[in-house]
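One structure is given below, encoded as structure tokens.
The values are calculated or read from the model by the stated rules, or taken from the named source; none is laboratory data. These numbers come from a predicted model, not from an experiment. For neighbour counting, all protein chains shown are included, and Cβ atoms are generated from backbone atoms with ideal geometry for every residue, glycine included. What goes into the accessible areas is simple: the full protein's heavy atoms, side chains included, and nothing from ligands, DNA or RNA. Shrake-Rupley method; radii C 1.70, N 1.55, O 1.52, S 1.80 Å.
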Amino acid sequence: MLLPPVRHSPLLLTGLLTLTLALYLRGLFGGFLFDDYPNIVDNDFLLHLDGSWQSWKNAALSSGAGLLRRPVSMLSFALNAYFTGMDPAAFKLFNVFIHLISGVLAYRLALLLIPLLATRNGTATQLSATSQRLLALLVAAAWLLHPLHVSNVLYVVQRMNLLAALFTLAALLCYTVMRHRQLAGTTGSRWQLAGFAGFSLLALLSKENGALIPFFVLVIELFAFRFAAASPVHRNLVRWGLGLCVGAPAVFAIVYMACNPEWLLSGYSTRDFDLMERLLTQTRVFWHYLLWTFIPNIHWMGLYHDDIAYSKSLTTPWSTLPALLGIAGLMITGWRMRNAAPGLCFAIAWLLVGHALESTVIPLEMVFEHRQYLPMYGVFLGLVAALATTLQSLPRLALWLSLAALLALTLLTAQRSRLWGDPQHLMLSMAQDHPHSPRSLFEAGRALLDQPGSVDERHQRALAGRDYFSRAMQLSPTYVHPAASMVMTYQHEAAVPAALMADLTHRTAHMQRLSPLPILLVIRAAAHKQLKIAPEAMAALVNATLGNPSADNLSRGLVLTNYGNYLATAANDPQAAIGVTLAAIELEPRYALFQLNAAYLAEQLGQPQLATQHLANAELLDAIGEYKDEIVALREKLNAKGP
């Protein structure tokens, strides 16, 4: 027997789930963060759900991310918004329960695969039912309690990744049960096949990572089942079926990218790295993921890892070539040991498959911790299976080492979850742990600015924030956000320094992937006379934004319509303001806000007929009622003045 017998593993699993829930409860009250805002908090389709079929459909398709728009994930956000409102704790709790359900599936899958992977040179390790349950529980516990997952579970928008992992595990569990039934000669496999297909579709519609399910199945077949079947006919059926499921999407992807290279390469036009730099850098990032997995120092973790330098060549930095050779060595070693240690080979193959989509050619952000979420599970599963034979002779040592490791993971996750429950502390901590990360420094400075308080308190925090913004600006010469926030620290002061405005304008013109939000904040603050900016400096900033090649028509229109408000209020030039606002409408004529702003300005200029015309256009375009109150108020004002 591998470990001392424990009769009540269901109670242990329940205890594990309860412990995991307790650890994450401390982090539920940290509020929304970063990408939560454009995807959820500021998503008009989530804010204006009325229970109708059309409103649910609009919400499900309201994401611009991915080829399929991730409707399952967006629908889950809509359900949260409809029943709990925009309560971040409720959204985060939903994420925690997804993590817990995934833990149950992870346990069940490990229970079925460990006996198949715990072999050495073709000889299976004899494991009792209790030992199998304990080993599966160890895999599930290490995965559920790992502190790296805190940034995945408590970051609301990462529900997309959580749901994809949940449905992937469910699909793989259905497949594994189906294969066990086939080998045992029992009936009922059609239900598992239907479950496999259904969960695979749900995973794909949650996030594109669901497309990796056939490749995970291939890993399971290669190292666990080894294409075993009750008859040669069944064996060929498995081989050909899996070959089709794996080969068809792979061939399609290769042919599509070969015929449409601009689809792939155009994404790099808005990145500060190219395809080769990304591929080389990912070899080093791969080892970061493994380092965080096996040495979970929470001070190495964080939302942003832009302090990891890009690899410009095989020797710059010097660690690139060893990282590449290390991955090649892992692959060669794994294949050569496929008979001697299938568990180890399973771990390596699962890890590589898990990163095949997000850590290769697609021009995504270079590093995110959530990418190790599902890959980590396979690593733990394979390694526990590979060590089963060795641990069999040392049962008590295995027990105490396992308990010590799980205790360490528990304490680290508790510490990190508590940190995530305090947004300001989280941002300042990230800046301290990653002093060379421009984004971490920027977020720390912004956290100080966003805190409420008296005028004097806010002024003192603004001065403290300038240090963070200045350091971020020095590290990244084209990063707009810290420069715009630096400008915002001059609210209610004599004037924004001309040199600072010139720097912001230069960054805006050269930013590779323009985000209009920081520019809009500056323009709006100036329009409300909270910032004193010279008119020529404001005009230069607007022109730099409009001239940035990465700016789309909506971004340009938003800048123009807000610039129109600035001209009408701060510059006291309503005639120029209406011209700028009409230019915004010309760029994006179907955007209700631009028509509404034109109506406001026309009313101010004493042109009620023109105001009424733009107001009618705004009402027609405002299908979800986002500006309903403003439209009604302006119409009443126009009616009160008479014809």
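Assorted remarks:
- Averaging the Cα positions of each part gives two centres, and for segment 487-506 and segment 572-643 these lie 31 Å apart.
- 3J(HN,Hα) along segment 136-149: 4, 5, 4, 4, 4, 5, 4, 6, 5, 8, 5, x, 4, 7 Hz, from the Karplus curve 6.51 cos²θ - 1.76 cosθ + 1.60 with θ = phi - 60°, whole Hz, x for Gly and Pro.
- Ala258 versus Asp573: modelled label distance in nm, points set 7 Å from Cα along the beta carbon direction: 5.7 nm
- On the beta carbon distance between Leu47 and Leu411, with R0 = 30 Å, the FRET formula returns roughly 0.15.
- Residues of type aspartates and glutamates that Lys628 reaches as a straight line, Cα spacing below 15 Å, ignoring anything fewer than 8 places off in the same chain: Asp44, Asp50, Glu619, Glu636
- Normalised by the number of residues in segment 554-643, the average gap of Cα pairs under 8 Å and 6 or more apart makes the relative contact order 22 percent.
- Segment 42-132, relative contact order in percent, only Cα pairs under 8 angstrom and at least six apart counted: 16 percent
- Three-way shape label, segment 557-643, alpha-carbon gyration tensor, a/c 1.5: oblate
- Taking a point 7 Å from the Cα of Leu68 along the Cα-to-Cβ direction, the residues of segment 192-217 with backbone N closer than 12 Å to it are 197-214.
- Spin-label pair Ser128-Ser266: with each label point 7 Å from Cα along the Cα-Cβ axis, the two points sit 6.3 nm from one another.
- Segment 508-550: C-alpha gyration tensor shape, a/c 1.5 cut-off, then a/b vs b/c: oblate
- Peptide packing: for 363-375, 103-115, 591-603, 233-245, the average count of neighbouring Cβ atoms within 10 Å per residue gives the ranking 591-603, 103-115, 363-375, 233-245, highest mean first.
- Förster radius 35 Å - calculated FRET efficiency between Ile362 and Ala633, Cβ distance, rounded to 0.05: 0.15
- If you plug the beta carbon distance of Leu397 and Ala197 into 1/(1 + (r/R0)^6) with R0 = 35 Å, you get a FRET efficiency near 0.20.
- Mean sequence separation of contacting Cα pairs (under 8 Å, at least six apart), scaled by the length of the chain, corresponds to a relative contact order of 13 percent.
- Per-residue ellipticity at 222 nm, computed for the chain from helices alone with -39500 (n - 2.57) per DSSP H run of at least four residues, works out to -22000 deg cm²/dmol.
- Cα point-scatterer Debye curve for segment 1-112, base-10 log of I(q)/I(0) at q = 0.15, 0.16, 0.19, 0.22 Å⁻¹: -0.76, -0.83, -1.01, -1.18
- At q = 0.26 Å⁻¹, base-10 log of I(q)/I(0) for segment 386-473 (Debye sum, equal scatterers on each alpha carbon): -1.16
- You can think of it this way: the chain between Leu554 and Gln613 has 19.1 nm of extra reach, that is 0.36 nm per residue less the Cα-Cα gap.
- Here the peptides 48-54, 405-411 are ranked by packing, the mean other Cβ count within 10 Å, and the order with the highest first is 405-411, 48-54.
- Other-chain or far-sequence residues with amide H under 5 Å of Gln512's (modelled H): none
- Point-charge dipole on Cβ atoms (K/R +1, D/E -1) for the chain, about Cα centre, debye to 20: 2700 debye
- Pairwise label distance in nanometres, Ala328 with Ile295, each label 7 Å out on the Cα-Cβ vector: 2.5 nm
- Cα-derived Rg over Rh, computed across segment 50-117 with Rh taken as Kirkwood radius: 1.16
- Each of the peptides 535-547, 57-69 was scored by the mean count of other Cβ atoms within 10 Å over its residues; in descending order, highest first, they stand as 535-547, 57-69.
- Oblate is the label for segment 139-261, because the ratio a/c of its alpha-carbon gyration tensor axes (a ≥ b ≥ c) is 1.5 or higher and a/b is not greater than b/c.
- Gyration tensor (Cα) of segment 497-643, equivalent ellipsoid semi-axes in angstrom: 29, 17, 11
- Where segment 188-335 is the region considered: accessible area per residue in Å², 1.4 Å probe: 53 Å²
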